[in-house]
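Engineer: Let me begin by handing over the structure; questions about it come next.
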Amino acid sequence: MASLFTKTISLKKEFTIEPEEFAQLRDFIYAQSGIYIADNRKYLLENRLRNRLKQLNLKSFGEYYYYLQYDAGRKQELNRLFEVVTTNETSFFRNPPQLKVFQDHVLREVVEAQRKAGDRRIRIWSAGCSTGEEPYTMAIQLCEVLGAELPGWNVRITANDLSEGVLASARRGVYTEYALRTTPPEMIRKYFVQTDGNYAVREDLKKLISFGQINLSDRMQLKRVERSHIVFCRNVIIYFDDEMKKRVISSFYDNLLPGGYLLIGHSESLHNISRAFKPTHYPGAIIYRKEE
Amino acid sequence: MQDCKKIVAALQGGGDSSDIREAAWQAGENGCQEAVPALAGLLASGNLGIQEAADQALRRIGGKATVEAVIPLLRSDEAPVRNLAMDILRETGAQDLPSLVGLLHDEDDDIRIFASDILGSTGSVAAVAPLGEALLRDPEVNVRYQAAVSLGELGLKDAARYLNKALGDEEWVQFSVIEALAKIRDDSSIGALAKALHKSSDLVASMIVEALGEMGNVKAVTMLMKHLDAASTALRNKICKAIVQILGGKSLKLLSEAERERFGHYLLVALTDEDEAVQDAAMTGLGFVGGEKASAEVLALASGLDPDRDHDRLVLAVDALAGMGPTRALELALEGDDARPAQVVVDVARRLCSAPLCEAMKSVFWGRDRDLQREIAQALCVCARPEDKPFFLEVLGRHEDGTVLKTALEYIGALGGEGVGELLFGFLEHPYDDVKEAALEACVQVGGQGLDDRFRAMFAEQDPVRRLMAVYAMGKLGVAGHVDEIRAALDDEVPDIRKVALESFGDSCVDLGQWLPAIRERLHDEHREVRLTVVELLGHCEGEELLPCLEEALDDEDDWVRVRAVEALGRRGAEAAVPRLVEIATGTNTLLALKAVEALGAIGGKTAFRALLEVLDAEDPELQAAAEDAVARIQESGEEEL
Ligand SMILES: C[S@@+](CC[C@H](N)C(=O)[O-])C[C@H]1O[C@@H](n2cnc3c(N)ncnc32)[C@H](O)[C@@H]1O
């Protein structure tokens, strides 16, 4: 009913973010997450937070900055803020051409090499996994490649994200049709169980993945991740400034086993970020490889 | 440093690549100067991971040592190593300029080119003279070219005198010289560029024209005008753009009649140029030169633009059309079948409010689609002409769209007058909340005894939304005239109503003293929002007697209610509250402490000052900084002799 009065005293003025306030918040967000909000995204921050400020009954973005540091609810608020500054957009089989290259070349090569070496372990890291569609897709593709052999292999997909909210959905593993819009129908039939209009990921797929929170701006945290044959970090580093991109990519390099592969988003590039990887061009995808 | 010794040892120890990478990272992290030679050596490593780690470490360490260690790599036979060295020097070169400048006299052409390139990224004024000399004297054309590019990149005025002289160089160098001059924008270049214009190829001429446009110096206009007639169409369009850019519309009106006509004619041609920037300049120019034909053509162009994608261009077009005033072309477009031109015209009409356009809008209104109707109603409402009243009354009687209705209510509310109260009041029963709200605002604006009575009666109704609206309206119409109702509303069972009742005092703050007991009771309301409103109100109105109430709010259970009370006390300079504020400023709740520190700074006085000095030692840096500001504030106000 209060919606009838959008103009009561406390709500009269529209919030705008002052330049110092913006700088303060930007630095704060950067320090907390490595996400750099460029000047041209200022209005986005302003728009997305404005209602939050109203809900909290705060008078300015400066107060919001205080709130984030001192209020009893600051922990939860920080997570909310992360949701605001990140985009969780994702889907199963996102960017099919790249995933085809992944399955037909990268995965098969890794499997072959491991087989030859007599080592039946495979480690994949999905960094910035959002609501889980990406690591589950990896799991499906692995099942496709290994087929009946799967039980004889020791497979683990480590899936991390900054946001606890998206991780909770990821662990649940229940999706709408929309999340499956680019997924081949036979894959849906094979790997999902339909539950009142939604699609649940099969339990045995879930066992391949371990979800956990990580902050990519924390170098020490990244060092603790088990070393991988393949790292996926798609559509995540776009939020970072060059300095942070360099650090994160360098950590992936360190994490990868010799000869390991790195896959990034199709609109992203390592240009000016890293020359350490050897790029291989396939139709519709560039795959980066660490030297043997 | 012991650490650095270990790091150097690890860098040279021939361990595995991840150990070397880690050592390189540590070297960068700890700024180990003594690791620089080893790191520079690793730049040529065959292992890309190691190479990159060394690269990043060197950039972080920087300094003369890095520059000196990396320069020799410019002579490497391997292109990747050379490029890497260049890149590092671009970032670190400013830290040892003399070494780089020395390279400008190297025997090797390539090294001179590299050095010119790197100097452009140093941001240093000391790089200008050496680059200028290279531009004017180096025998190798590519060095001169690169020197000009780098001078432009530096963007410093001192470079203009070298660049002006270099305008006579060969075409390849001219390009970069002109580009650099456009970036530097020094007045001394105008004459030089103008002179060069006469002697140049079409390609160079168009670059010069563009540069002059960007530099925006009026001295160039006469010369550009002279050039118009002889130029090819493409060049002439560019000249038109430059002139508009420089003069910025308004001064176009200062041109002589004949000149304006000639220029207007050329602008119409420029409107069809393939470059959008030229079209835009032509639109802007035509906005000032004007004419029936121009109006029609700009309208046609504007109608083809996409409101989302081309938003800025559309604004430009509407500005231009408004500048040309009402024309027959605009009226015709309103009557036409096409929606886009009509929409553009409505945008223009709301700016012009001219009688013929307003009449035309009304006459086509009922036949157009809903979106255009909304815009027409908006435009007419903005124009606020009394003669449109019958139109809006008809809209209120017939129309069903909420947005159109809100606009009509706004118009009628602003216009006021006899007999509209009844009509407006009826809309308080409209099913849409936003229409109700608009009707309520309109009622408040119109006022009068009749409406007043109706709201009083409405307050007695059961429906809480109706009571809420009544309280809101009575508050706006004046608390004094509705004492009993407002008093009852302060005790209403619905918190929103209590809140709105409190807010009704905010507009005028009169007689607040007399209401204080009732308002004070709300300080203990079970709803936080209501308590916040009380504090807000007390902070916003004047009056010594309100201060004790605010102090009372300092005991609220909710942090933010207390925060608002602290702020209000500070704003009001409540000296009596200082002891409490000092307590809060030195307490454990940092958020409140921050606010109390600010408040103490605003109130001032000896006690506040002394307490603030204590807070200067606080652990929290944010709190320290706030205390420093507050102390400075008191010192500035000069009341405290130290
Ligand atoms: C657009 S999603 C990408 C999801 C998936 N990788 C894909 O490509 O479909 C980006 C994700 O990166 C996460 N993210 C952003 N900054 C992060 C950080 N500093 N540490 C960890 N995750 C981060 C966001 O929470 C978000 O879920």
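The values are calculated or read from the model by the stated rules, or taken from the named source; none is laboratory data. Values in this document were obtained by computation on a predicted structure and should not be read as measured data. Note that each Cβ is placed from the backbone with ideal geometry, even for glycine, and that neighbours are counted across all protein chains shown. Surface areas here come from the heavy atoms of the whole protein model, side chains and all, with no ligands, DNA or RNA. Shrake-Rupley method; radii C 1.70, N 1.55, O 1.52, S 1.80 Å.
Engineer: What's the total number of residues in region B:19-47 that are open to solvent by less than 50 Å² (accessible area, probe 1.4 Å), in a loop (DSSP other than H, G, I, E, B) and among the hydrophobic types (A, V, I, L, M, F, W, C)?
Structural biologist: 2
Engineer: Regarding region B:71-84, can at least one residue be identified that is within 38 Å of the chain's Cα centre (by Cα), in contact (Cβ under 8 Å) with a residue 24 or more places away in the chain and farther than 24 Å from B:VAL204 by Cβ?
Structural biologist: Scanning region B:71-84 turns up at least one residue that is within 38 Å of the chain's Cα centre (by Cα), in contact (Cβ under 8 Å) with a residue 24 or more places away in the chain and farther than 24 Å from B:VAL204 by Cβ.
Engineer: Which one is farthest from the ligand (Cβ to nearest atom) among residues in region A:117-129 that are open to solvent by 10 Å² or more (accessible area, probe 1.4 Å), within 28 Å of A:ARG172 (Cβ to Cβ) and touching a helix residue (DSSP H, G or I) at 6+ places or on another chain (Cβ under 9 Å)?
Structural biologist: Of the residues in region A:117-129, the ones open to solvent by 10 Å² or more (accessible area, probe 1.4 Å) are A:117-121, A:123, A:128.
So of that shortlist, the ones also within 28 Å of A:ARG172 (Cβ to Cβ) come out as A:121, A:123, A:128.
Going one step further and asking which of them are touching a helix residue (DSSP H, G or I) at 6+ places or on another chain (Cβ under 9 Å), we end up with A:121, A:128.
On the way: A:ARG121: 23, A:GLY128: 3 Å.
If we take residues in region A:117-129 being open to solvent by 10 Å² or more (accessible area, probe 1.4 Å), within 28 Å of A:ARG172 (Cβ to Cβ) and touching a helix residue (DSSP H, G or I) at 6+ places or on another chain (Cβ under 9 Å), then A:ARG121 is farthest from the ligand (Cβ to nearest atom).
Engineer: Restricting to region A:41-71, give me the number of residues that are open to solvent by 40 Å² or more (accessible area, probe 1.4 Å), within 16 Å of the ligand (Cβ to nearest atom) and modelled with pLDDT of 85 or more.
Structural biologist: 1
Engineer: Give the residues of region B:48-89 that are open to solvent by less than 40 Å² (accessible area, probe 1.4 Å) and within 9 Å of chain A (Cβ to nearest Cβ), sorted by residue number.
Structural biologist: Hits for region B:48-89 are B:GLY49, B:ILE50, B:GLN51, B:GLU52, B:ALA53, B:ASP55, B:LEU84.
Engineer: Given B:GLY123, B:GLY93, which one is outside any helix (DSSP H, G or I) and touching a residue at least 24 places away in the same chain (Cβ under 8 Å)? Spell out the reasoning first.
Structural biologist: Numbers: B:GLY93 fails: outside any helix (DSSP H, G or I).
Being outside any helix (DSSP H, G or I) and touching a residue at least 24 places away in the same chain (Cβ under 8 Å) holds for just one of B:GLY123, B:GLY93, which is B:GLY123.
Engineer: Of all the residues that make up region B:483-514, how many are in contact (Cβ under 8 Å) with a residue 24 or more places away in the chain and assigned to a helix (DSSP H, G or I)?
Structural biologist: So the answer is 16.
Engineer: Which of the residues spanning region A:45-61 are within 24 Å of B:VAL530 (Cα to Cα) and more than 10 Å from chain B (Cβ to nearest Cβ)? Can you show your working first?
Structural biologist: Of region A:45-61, the ones within 24 Å of B:VAL530 (Cα to Cα) are A:49-61.
Residues satisfying the conditions are A:LEU49, A:ARG50, A:ASN51, A:ARG52, A:LEU53, A:LYS54, A:GLN55, A:SER60, A:PHE61.
Engineer: For region B:546-591, which positions are touching a Lys or Arg at 6+ places or on another chain (Cβ under 6 Å) and open to solvent by less than 10 Å² (accessible area, probe 1.4 Å)?
Structural biologist: B:CYS549, B:LEU554, B:VAL561, B:VAL563, B:VAL566
Engineer: Still on this structure, I have one more. Would you be able to tell me the number of residues in region A:227-284 that are open to solvent by 50 Å² or more (accessible area, probe 1.4 Å), within 10 Å of the ligand (Cβ to nearest atom) and either outside the structural domain of A:LEU107 (by TED's automatic domain parsing) or not in a helix (DSSP H, G or I) (or both)?
Structural biologist: Residues that pass the stated criteria total 1.
Engineer: Filter region A:97-116 down to the residues that are more than 21 Å from the chain's Cα centre (by Cα) and of a type in the set (A, V, I, L, M), then identify the one that is surrounded by the fewest Cβ atoms within 10 Å (Cβ to Cβ).
Structural biologist: Here is the first cut: in region A:97-116, the ones more than 21 Å from the chain's Cα centre (by Cα) are A:104-105, A:108-116.
This time we only want the ones that are of a type in the set (A, V, I, L, M), so: A:110-111, A:113.
Working: A:VAL110: 21, A:VAL111: 18, A:ALA113: 13.
Here the answer is A:ALA113.
Engineer: Of everything in region A:143-171 that's within 15 Å of the ligand (Cβ to nearest atom) and either open to solvent by 60 Å² or more (accessible area, probe 1.4 Å) or within 14 Å of another protein chain (Cβ to nearest Cβ) (or both), which residue is farthest from A:HIS229 (Cα to Cα)?
Structural biologist: Per the stated criteria, the residue is A:GLU164.
Engineer: Also: Out of region A:80-92, which residues are open to solvent by 20 Å² or more (accessible area, probe 1.4 Å) and either outside any loop (DSSP other than H, G, I, E, B) or more than 10 Å from the ligand (Cβ to nearest atom) (or both)?
Structural biologist: Scanning region A:80-92 gives A:ARG80, A:GLU83, A:VAL84.
Engineer: So, one more: Scan A:ALA23, A:ALA38, A:ALA31 and give me the residue that is aliphatic (A, V, I, L, M), at pLDDT 90 or above, surrounded by fewer than 18 Cβ atoms within 10 Å (Cβ to Cβ) and more than 30 Å from B:LEU468 (Cα to Cα). Before the answer, list the steps.
Structural biologist: Numbers: A:ALA38 fails: at pLDDT 90 or above; A:ALA31 fails: at pLDDT 90 or above.
Among A:ALA23, A:ALA38, A:ALA31, only A:ALA23 is aliphatic (A, V, I, L, M), at pLDDT 90 or above, surrounded by fewer than 18 Cβ atoms within 10 Å (Cβ to Cβ) and more than 30 Å from B:LEU468 (Cα to Cα).
Engineer: While we're looking at this one, here's another question. Considering (1) within 16 Å of the ligand (Cβ to nearest atom); (2) surrounded by fewer than 21 Cβ atoms within 10 Å (Cβ to Cβ); (3) in a strand (DSSP E or B), say which one A:ALA200 fails and leave the rest.
Structural biologist: A:ALA200 satisfies every listed condition except (1).
Engineer: Same structure, new question: Given B:VAL101, B:VAL128, B:VAL149, B:VAL143, which one is β-branched (Val, Ile, Thr), without any contact (Cβ under 8 Å) to a residue 40 or more places away in the chain, farther than 29 Å from B:LEU197 by Cβ and part of a helix (DSSP H, G or I)?
Structural biologist: On the way: B:VAL128 fails: farther than 29 Å from B:LEU197 by Cβ; B:VAL149 fails: farther than 29 Å from B:LEU197 by Cβ; B:VAL143 fails: farther than 29 Å from B:LEU197 by Cβ.
Selected residue: B:VAL101, the only one of B:VAL101, B:VAL128, B:VAL149, B:VAL143 that is β-branched (Val, Ile, Thr), without any contact (Cβ under 8 Å) to a residue 40 or more places away in the chain, farther than 29 Å from B:LEU197 by Cβ and part of a helix (DSSP H, G or I).
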